[in-house]
Amino acid sequence: MTNDPSPKRQQNSGADQGWAVISYLLAGMLVWGGAGWLLDWWLNIPHHLATFFGGVGGAGAGLYMVVKKMGNTS
């Protein structure tokens, strides 16, 4: 029996990584889409353009986070 004080690092399962990807994408769209919705409401922007661009930008930011955090796993 070895006396190793450092804890062993567990590998994330595929399901854990899948939930992380979904949460990054949804959180980005909800946060930035919500900010766009508030901007639409505050400035009376027609056709909810800020909500649309906020959601698209949030999806892009979520995708960037997915690639940044999980792109280098093996």
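The values are calculated or read from the model by the stated rules, or taken from the named source; none is laboratory data. Just so we're clear, the structure is a prediction, and the values are computed from it rather than from any experiment. Positions of Cβ are generated from backbone atoms using ideal geometry, with glycine treated the same way; all protein chains shown enter the neighbour counts.
Go through the range 40-73 and report how many residues are in a helix (DSSP H, G or I), closer than 30 Å to GLN17 by Cβ and either acidic (Asp, Glu) or free of Cβ contacts under 8 Å to residues at least 12 places away in the same chain (or both). Outline the logic, then answer.
If we filter the range 40-73 for residues that are in a helix (DSSP H, G or I), which is where we start, we get 40-43, 46-70.
Right, trim to closer than 30 Å to GLN17 by Cβ and you get 51-70.
Checking which are either acidic (Asp, Glu) or free of Cβ contacts under 8 Å to residues at least 12 places away in the same chain (or both) leaves us with 56, 64, 67-68.
Here the count works out to 4.
Can you name the residue in the range 1-39 that is modelled with pLDDT of 90 or more and of a type in the set (Ser, Thr, Tyr) and is also surrounded by the fewest Cβ atoms within 10 Å (Cβ to Cβ) among such residues? That would be SER23.
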